[in-house]
Amino acid sequence: MNHYRWNLLPPAPEKHLAATSGLSPLIAQLLYNRGLTEPAQLEAFISGDKRLAGDPSQLPDIEPALARIYRALLSGETIAIYGDFDADGITGTAILVHGLSRLGGKTVPYIPHRLTEGYGLNITALENLHRQGISLVITVDCGITALAEVERANRLGLDIIITDHHSPLPEMPPAVATINPKRADSSYAFSELTGAGVALKLLQALFQNLGKEEQLGELMDLAALGTVADMAPLSGENRYLVKEGLKLMNTTPRLGLREIISQAGLTPGNLSAESISWAIAPRLNAAGRLAHAMTSYKLLMTESPQEARDLAIWLEEKNTERQKLTTKVLAIAREQVLAQGITPMLVAADKDYPLGVAGLIAGRLAEEFYRPAIVVRTGETVSSGSGRSIPEFNIIKALTQCRSLLSHFGGHSQAAGFTLPTKNLPHLQEQLSRLAAEQLADADLRPQLDIDAEVTLPDLSGDTFNTIQQLAPFGRGNPSPTFLSQRTEAIDCRTMGNGAQHLRLKLKQGGTVWDGVGFRLGCYLAEISPQLDIVYNLEIDRWGGKERLRLNIVDFAPSD
């Protein structure tokens, strides 16, 4: 792990502090740091209520989509819901199947196999669905770049409605409707919905027209799961979806979620966005990484307590297997990258790299070395890979510039996947390396750590933590507040965990003593000095059934 570039954000101007006089100075500063300056913005953000939700009628192609779905419902057509195999696609698929079934629709869920079919629409699957009598396919979290596949579907007489949130190409697929808030011609107010979020908005439009919008409430947990799992920014409408979904998960979780919560050792009623990121989403994703994602879909949809328990136990086993596999393959890929030398674009390619964890490995490499990274499973004729990036390099834009070499690709600025003829892999590596070298030539390739405010440890006493929780849920786009305390006294420090990979500290300042944990900072034990400047978040430690506040130390440096 690199030490960070510390960036202490500027203090809020007096004008902003005056406008937020009903809030504590610390909360006012945190809101200012998140770009919230207008009174209406501040109130809506803190409330996180329906005012943050957009009007689904503003989504592109919503009217032709509704017309085609109504026709299918009235004529009794069977509708296939074709979702991606990650947690976002799985939850979005469950949302549409559940919602359309509530309207009397006949639906068939279809999620492709990651290893045998790959990402997105594929022609073989569409042909099979057509042979089964399917006449309408609604995609979830995929399809925006599937030009050839949609053209083939049209020739079969198969209508396609695309719901997706990935970056579109200049040319739209020839579908009946293509609903994507990232379309250049979209007038929708919020462009950062996930696949599950777009699916929910389509369903909202359907339900509004039929006077059944109140039924959406029972699906908010699924939208929250997809939104957090896909690392979407927790601002705007996503904040509303996640806040409402967490309420549902903490009060009346569906059977499958209740069993996941139990298997993960979480505390019902205390679930947060972090619980989804670190515990629930990895388990839902484990099925698609190592077997078939339909298992996770069934878990979310089941009404059988026994089936929910059995499926959750199976997912727990798969997640453990996934963790072990990730650790093993990461060590091999890391050695490969180091042997090649650290370059602006990291590439690890091998015929034995499991595709199911390629994205995880790329993410770990990008995090450790702070470079964009791709991990490729090579085949004799076709190879597939996943890429993860850093804010300074837009990986989907780079792949778009290399699209003549690729068979399929898609994703976001920081995460993408692709398939290509193996013979093109050296050319792809060469082009991506050139683009990365050009764009990162003058970059300081250490991650930047934004710090919300400088405080002393005594400042954190009293009701500070509960006050900060007004801004939850935290995640990308609304990070957990980060603080700097200078010249703290390290009165105790030791390593903990397997391989001594973590630090446990006791820190004192102004007569106040705090416990602190530095996850994955064990390698920096030798840099601990009697006085430290620390950057950290506040968190609750629930170890051993007790709740204690502690400092989650993100970085540190010896005090001058």
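The values are calculated or read from the model by the stated rules, or taken from the named source; none is laboratory data. Predicted, not measured: the structure shown is a model, and the values here were computed from it. When we count neighbours, we look across all protein chains shown, and the Cβ atoms used for this are built from the backbone with ideal geometry, even at glycine.
Here are a few things to note about the model shown:
- Which numbered condition Thr145 misses (of (1) among the β-branched types (Val, Ile, Thr); (2) closer than 19 Å to Ala65 by Cα; (3) modelled with pLDDT of 95 or more): (3)
- Selection status of Met231, within 18 Å of the chain's Cα centre (by Cα), part of a helix (DSSP H, G or I) and either among the basic types (Lys, Arg) or under 28 Å from Thr295 (Cβ atoms) (or both): no
- The residues of region 225-275 that are of a type in the set (Val, Ile, Thr) and under 16 Å from Gly477 (Cα atoms), listed by number, are Thr227, Val228, Val242.
- For region 161-168, the criterion of being farther than 21 Å from Ala67 by Cα and touching a Cys at 6+ places or on another chain (Cβ under 8 Å) is met by at least one residue.
- Of all residues in region 55-85, those being surrounded by fewer than 20 Cβ atoms within 10 Å (Cβ to Cβ) and part of a loop (DSSP other than H, G, I, E, B) number 3.
- Selection of region 1-50 for residues being without any contact (Cβ under 8 Å) to a residue 40 or more places away in the chain and among the charged types (D, E, K, R) yields Glu14, Lys15, Glu38, Glu43.
- For Gln486, the stated conditions hold: it is in contact (Cβ under 8 Å) with a residue 24 or more places away in the chain and not in a helix (DSSP H, G or I).
- Hits in region 380-406 (condition: crowded, with 21+ Cβ neighbours inside 10 Å and part of a strand (DSSP E or B)): Ser383, Ser384, Gly385, Ser386, Gly387, Arg388
- Filtering region 330-357 to residues that are in a helix (DSSP H, G or I), farther than 26 Å from Ala443 by Cα and either of a type in the set (Ser, Thr, Tyr) or touching a residue at least 40 places away in the same chain (Cβ under 8 Å) (or both) leaves Leu355, Gly356, Val357.
- Inspection of region 428-450 identifies at least one residue that is in contact with a helix residue (DSSP H, G or I) (Cβ under 9 Å, 6 or more places away or on another chain) and acidic (Asp, Glu).
- Any hit, region 521-532, residues being assigned to a strand (DSSP E or B), on the phi < 0 side of the Ramachandran plot, in the same structural domain as Val455 (by TED's automatic domain parsing) and not polar (S, T, N, Q): yes
- Index of the failed condition, Gln204 passing every other in (1) in contact (Cβ under 8 Å) with a residue 60 or more places away in the chain; (2) farther than 21 Å from Ala94 by Cα; (3) in a helix (DSSP H, G or I): (2)
- Residues satisfying the stated conditions in region 407-455, i.e. of a type in the set (D, E, K, R) and buried (at least 19 other Cβ atoms within 10 Å of the Cβ): Asp452
- Test for Thr107: is it β-branched (Val, Ile, Thr), modelled with pLDDT of 95 or more, under 16 Å from Ala199 (Cα atoms) and assigned to a helix (DSSP H, G or I): no
- Within region 420-460, the set of residues being of a type outside the set (A, V, I, L, M), in a helix (DSSP H, G or I) and under 30 Å from Gln509 (Cβ atoms) comprises Pro458, Asp459.
- Restricting the search to helices (runs of 4 or more DSSP H) fully inside region 238-329 and requiring at least 3 residues that are over 17 Å from the mean Cα position of the chain (by Cα) and assigned by TED's automatic domain parsing to the domain that holds Gln469 gives an empty result.
- Inter-residue pairs, beta-carbon under 6 Å, first under 18 Å from Thr302 (Cα atoms) and in contact (Cβ under 8 Å) with a residue 40 or more places away in the chain and in region 210-222, second of a type in the set (Gly, Ala, Ser) and in a helix (DSSP H, G or I), 6+ apart: Leu222/Ala94
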